[in-house]
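Working notes for the structure below.
The values are calculated or read from the model by the stated rules, or taken from the named source; none is laboratory data. Here the structure is a predicted model, which means the values were calculated and not measured. Cβ sites come from the backbone with ideal geometry, for glycine too, and all protein chains shown count toward neighbours. Accessible surface areas use protein heavy atoms only, side chains included; no ligands, DNA or RNA. Shrake-Rupley method; radii C 1.70, N 1.55, O 1.52, S 1.80 Å.
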Amino acid sequence: MSDQAHLNGAYYGPSIPPPARKPRSYHRPSRGGGSCNPFSWCFSCICGCVFNLIFQILITILVILGIVVLVFWLVFRPNAPKFHVNEAVLTQFTLSNDNNTLYYDLAVNMTFRNPNRRIGIYYDRIEANAEYHDQRFATQNLDTFYLGHKKEKDVSAVFRGERVLVNLDGRDRSDYNSERTGGVYNVDLKLKLRMRLKVWWAKPKFKPHFECDLRVPMTSGGAVSSGGFQRTKCDFDW
């Protein structure tokens, strides 16, 4: 008989474990109790649309402004006003030793020039200040005027009198003595302006200023020392 005769169908091995059960899926309930709030959804949608509309409006305004500025520049080609000091005559510039009183007599001839072809300039206020070592010692209010396209105008101012300069230290006094020896003084001329630009019907207002660093030789008895005054171009600042 074969070996299969001894098998009676019984299994004497280790016990077979039962099949594992599949875990149940767990769904965490939503905070809204499982229901959708239509009011919140509509509010979010409306806010998104409003913000998007505002953003598009701002972009459109910026583009339009850029185009307007470009067209304005291409049509008018604006240039800053020009200002020169043609001549400066200094007949007295004496600083006392006891109380720093400055005695001065300065005459200045200036030229205002409008380099624009399509823009006029109204000079509504011109305040001319003469300074020495950053201290103002004289002020003149000049006559106002209108300067047309590609026009220029000569203006004169006279500064005469005395003024106490309170903040002169030892170095400033040394600079003054050096300038007195050389016969040429470093005087600053600063103009504070109130002006309007004439652009078609519009007249925008501005408050710019000119700044001039002058080297003015002393004139004594009709003679000018150190070769005379050199015509000086001044800086314009909006």
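Among the listed residues Arg196, Arg215, Arg173, Arg180, identify the single one that is closer than 23 Å to Gln92 by Cβ and in contact with a strand residue (DSSP E or B) (Cβ under 7 Å, 6 or more places away or on another chain).
Among Arg196, Arg215, Arg173, Arg180, only Arg215 is closer than 23 Å to Gln92 by Cβ and in contact with a strand residue (DSSP E or B) (Cβ under 7 Å, 6 or more places away or on another chain).
Restricting the search to the stretch 79-113, which residues are part of a loop (DSSP other than H, G, I, E, B) and either of a type outside the set (Gly, Ala, Ser) or open to solvent by 40 Å² or more (accessible area, probe 1.4 Å) (or both)? Full working, then the answer.
In the first step, residues of the stretch 79-113 are kept if they are part of a loop (DSSP other than H, G, I, E, B); the result is 79-81, 96-100.
The answer is Asn79, Pro81, Asn97, Asp98, Asn99, Asn100.
For the stretch 58-94, which positions are closer than 30 Å to Val166 by Cα and modelled with pLDDT under 95?
Result: no residue meets the conditions.
Run down Phe93, Phe137 and say which single residue is farther than 30 Å from Lys198 by Cβ, in contact (Cβ under 8 Å) with a residue 60 or more places away in the chain and of a type outside the set (A, V, I, L, M). Please lay out each step first, then the result.
Values: Phe137 fails: in contact (Cβ under 8 Å) with a residue 60 or more places away in the chain.
Exactly one of Phe93, Phe137 is farther than 30 Å from Lys198 by Cβ, in contact (Cβ under 8 Å) with a residue 60 or more places away in the chain and of a type outside the set (A, V, I, L, M), namely Phe93.
Might you let me know whether the stretch 114-134 holds any residue that is of a type outside the set (Asp, Glu), surrounded by fewer than 12 Cβ atoms within 10 Å (Cβ to Cβ) and either farther than 18 Å from Lys233 by Cα or within 30 Å of the chain's Cα centre (by Cα) (or both)?
Looking only at the stretch 114-134, we keep the residues that are of a type outside the set (Asp, Glu), and these are 114-123, 125-126, 128-130, 132-133.
Among the residues that remain, those that are also surrounded by fewer than 12 Cβ atoms within 10 Å (Cβ to Cβ) are: 117.
Pick out the ones that are also either farther than 18 Å from Lys233 by Cα or within 30 Å of the chain's Cα centre (by Cα) (or both) and you get 117.
Checking the stretch 114-134: at least one residue is of a type outside the set (Asp, Glu), surrounded by fewer than 12 Cβ atoms within 10 Å (Cβ to Cβ) and either farther than 18 Å from Lys233 by Cα or within 30 Å of the chain's Cα centre (by Cα) (or both).
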